[in-house]
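As structure tokens, the structure follows; a few thoughts come after it.
Read-outs throughout are calculated quantities, based only on the coordinates presented, and are distinct from any laboratory measurement. Worth saying up front: this structure is predicted, and the values here are computed from it rather than measured. Backbone-built Cβ (ideal geometry, glycine too); neighbour counts: all protein chains shown.
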Amino acid sequence: MCRHQINIAWDGTLYDCDFNLAANLPISNNVPHHIRQFDKESLSKRKIVTADHCFGCNAGHGSSCGGALV
């Protein structure tokens, strides 16, 4: 999910995935954080914010993700 999609909160803040949205972990600092500044090029090259909950997706058993982060 985080490699091919982004999540957008009610206020326009961008997140790498729905789990990061729930944990209030917005996308990395080197790209725009709000939908108003959406930039496909910079978002496609961003570093994905990860935390312990990412191990579920990394193992292929997460929400809708089936791949690894590397």
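As a ratio to 2.2 N^0.38 Å, the alpha-carbon radius of gyration computed for segment 7-58 takes the value 1.09. Between Phe19, Ala51, Ile35, the Cα set farthest toward the positive side of the dipole of segment 9-60 (charges on each charged residue's Cβ, about the Cα centre) is that of Ile35. Using 0.36 nm per residue and subtracting the Cα-Cα separation, the extra length available between Asn29 and Lys45 on full extension is 4.5 nm.
Going highest first, how would you order 17-26, 33-42 by mean Cβ packing within 10 Å?
On the way: 17-26: 17.0, 33-42: 11.2.
The peptides rank, most packed first, as 17-26, 33-42.
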